[in-house]
Structures are given as structure tokens and as C-alpha cells.
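Below is one structure, written out as C-alpha cells; comments come after it.
Nothing in this text is a laboratory measurement; each read-out follows from the coordinates by a stated rule. These numbers were taken from a predicted model, which means no experiment stands behind them. Note: ideal-geometry Cβ built from the backbone for every residue, glycine included; neighbour counts use all protein chains shown.
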Amino acid sequence: MPKNVAKTLIAMHRRLDKHFGPLHWWPGETQFEIIVGAILTQNTAWTNVEKAIANIKAAGALSPEALHRMPPARLAGMIRPSGYFNIKAKRLKSFLDFLFREYGGILDRMFRERPGALREKLLAVNGIGPETADSILLYAGRIMTFVVDAYTKRIFSRHGLLTGKEKYDEVKQFFEANLPRKTQLYNEYHAQIVNIGKLFCRRVPRCAACPLRPFLPKKSAIRAI
DNA sequence: TGCCAGGCCGGGT
DNA sequence: ACCCGGCATGGC
């Protein structure tokens, strides 16, 4: 049975690869931009995050040093389009405090940590939960960690591979146990999941045109949520 | 027009 | 150990 699941996961990945081609994620040019984006995109449409990052760039402030010394109120003003701007300004500050306290503001030093230890330390930062931590590790640090998000649970429970009641770490383990342990694969797969989710697997599903339609079980109860 | 987006935290049970 | 309200803008 687990063998079968592994085959299915790879087959779905190939189908998505055919549909989207290479996605080369994360959308962002530097490690730091990826981290900022990971925090700003929490429960937020990426188009809004782009505006916020554009504001930071326009101010020439997209660096750990600049954001670290910037007054929180000014930062909040710049990231206003990304929503939750007050709380996200605080979260960015929490990360920067951590980065400078532990690593002198140098990302390379941070990523020199053992992956497991770094994940724990990131999770201890206020405002960084499991998805944000794993996105930072995988996309900024190129560390082999599978990223789970709302779409992941929704898509694979609708396909009968998850119940939908699993917790974050259980879903993560499910993929890591059933996929070849390759950073590039984890990278592409999560990007594909987000893309397919945005287009076809919203709270109210649009399965008719979904490229993963052939993988739906015959009698699946596709419902909202 | 209302619903929704690539979560997370803190307080209550 | 769960469950829930709060946080906020912009696009369809």
C-alpha cells in the first residue's frame, strides 16, 4: 500500500510538471527576499505581497541591516498592501532580532546550523510557524524539507490520500516518507501544489478543468472547505 | 458585493 | 490537546 501511494505521488508530480513546466520557485532573487516573502504571504494573496516587497525595494531597504534598524511603524507602512501589516511588521522584527542576536545578521551563518536545530530555532521565533519555517529552510536555505500548506491538505484529502484531519507534521512526514529525498523534487512539488490550488482547489473546488482530475477516486466526496 | 488568500498567536475549554 | 477570534488589504 505505501508503495502504491509513492507511485501515485510521483505520477501526480509528473502530471503537474507536464502542465506547468519548471516553476523555479521561490519568486524572489535573494535569500533575504524569500524570507521576507515567506512571512508576508501568511494567509495572504501573493499579489499583495509583491506590492509590499516593491515598497521595501523602492526604499532601498531590502536587507537585514536596513529592516533591522527601521522603526516598526515605518516598516508597517511599507508592507501595508500585504495585509495584517502591524502584526507582520512585528514578525519581521522578531526574525531580524533573532538573526542579529544569534548570527550577527548573516544569513549564511544561520544556514550553517544543523537543519533540525535551525528548524526548532525558527519555530521559537514569534510569528514563524511550521509552514514559514519550512519555506525558509527549503527555498532560502535549499535544505531538504517538505513544505505543507492549506492547499496540500485540501488537494490530497480530496484525492483520498489524506483524511484532512492530520496535523502539519503528520502531513509533512507523509510526503517525506513516500517521496524520494531530493531537495529539487520537494521544491517543485510544493510550487506545483500552490499553483494547482490557486487555480482549481479553492475552498469551493473547480475540479472540471483540473489536470489532476484523472487522479480523483471514483467516488470521492469533493466538498467545500 | 461578499468571499477569499501560499498562517500564526493567545486565550479559553 | 483542540478550538476559536483576531489580524487587514486587494482582486474577482
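Every residue, every condition in (1) touching a Cys at 6+ places or on another chain (Cβ under 8 Å); (2) within 19 Å of A:Gln192 (Cα to Cα); (3) touching a residue at least 24 places away in the same chain (Cβ under 8 Å); (4) away from DNA strand C (no atom under 16 Å from the Cβ), yes or no:
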residue: A:Gly83; (1), (2), (3), (4): no, no, yes, no
residue: A:Lys121; (1), (2), (3), (4): no, no, no, yes
residue: A:Thr132; (1), (2), (3), (4): no, yes, yes, no
residue: A:Ser135; (1), (2), (3), (4): no, yes, yes, yes
residue: A:Leu138; (1), (2), (3), (4): no, yes, yes, yes
residue: A:Arg142; (1), (2), (3), (4): no, yes, yes, yes
residue: A:Val147; (1), (2), (3), (4): no, yes, yes, yes
residue: A:His159; (1), (2), (3), (4): no, yes, yes, yes
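Which residue is nearest to DNA strand B (Cβ to nearest atom), if the candidates are limited to the range A:85-133 and must be of a type in the set (Val, Ile, Thr) and within 19 Å of A:Gln42 (Cα to Cα)? Outline the logic, then answer.
Of the residues in the range A:85-133, the ones of a type in the set (Val, Ile, Thr) are A:87, A:106, A:125, A:128, A:132.
Filter again for within 19 Å of A:Gln42 (Cα to Cα), leaving A:87, A:125, A:128, A:132.
Numbers: A:Ile87: 6, A:Val125: 7, A:Ile128: 6, A:Thr132: 3 Å.
Only one residue tops the list, namely A:Thr132.
Here are some conditions: (1) outside any helix (DSSP H, G or I); (2) over 18 Å from the mean Cα position of the chain (by Cα). A:Pro81 meets all but one. Which one does it not meet?
That leaves (1) as the condition not met.
Do we find that A:Lys165 is within 15 Å of the chain's Cα centre (by Cα) and not hydroxyl-bearing (Ser, Thr, Tyr) in this structure?
no
On the given criteria, is A:Ala140 within 26 Å of A:Tyr189 (Cβ to Cβ), among the small types (Gly, Ala, Ser) and surrounded by 15 or more Cβ atoms within 10 Å (Cβ to Cβ)? Steps first, please.
Numbers: within 26 Å of A:Tyr189 (Cβ to Cβ): yes; among the small types (Gly, Ala, Ser): yes; surrounded by 15 or more Cβ atoms within 10 Å (Cβ to Cβ): yes.
Yes; evaluated as a whole, the condition is true for this residue.
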